[in-house]
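Following: one structure in structure tokens, then a few remarks.
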Amino acid sequence: MTMKIPTTIVLATTLVGGLFLASCGNTAQDQNEKMENKMEDVQDDLNETSAADTRAEFDRERNDVLNELRTMSNDIDSELARTNERLAKTDLKADKRAEQEALKVELIDQKGRMDVLISNVEGSQEGSWVSVKETTKRDAAEVGNWWTRTKENVDKKTDADNDKDGH
């Protein structure tokens, strides 16, 4: 038994199938364009978010570095003030005076370095931050190492633990 399918059903099915195929071609292209547009929008949103995150990260890092530099600078200022007080004493022996004068020169020199570092960080831009940060960290580490040695030397010479580090 063969089943006869009416010709009108075959023609209607062929016509509908052809329309589907024709419309699928346009829809696929339209959908492809829509998908590309959506992807561009998503990428734009990601770029905006990434830029915002990068800017926030830059601001946070820069402020952290500035706080560290200012703390170091203030510590140097405090030691410079104490050194000036010691130098103001009239009963200071010549060798102690010479040591204090040498310390004062070093403190002023290091204070100048800190001022330059602070100025560089304050003037940095997002695009130059990586190199400014690297240079600043290197130079700040040098000043920090000098500062640690200086505090230890002051403690040894005065037999006091002024920096309260146990040495």
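Just so you know, all these numbers are worked out from the coordinates, no wet-lab data involved. All figures in this text were calculated on a predicted structure; none of them were measured in a lab. Note: ideal-geometry Cβ built from the backbone for every residue, glycine included; neighbour counts use all protein chains shown.
A compact table of results
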item	result
Residue count for region 81-128, restricted to those that are in a helix (DSSP H, G or I), touching a residue at least 40 places away in the same chain (Cβ under 8 Å) and within 15 Å of GLU68 (Cβ to Cβ)	6
LYS133 vs. criteria within 29 Å of the chain's Cα centre (by Cα) and basic (Lys, Arg)	yes
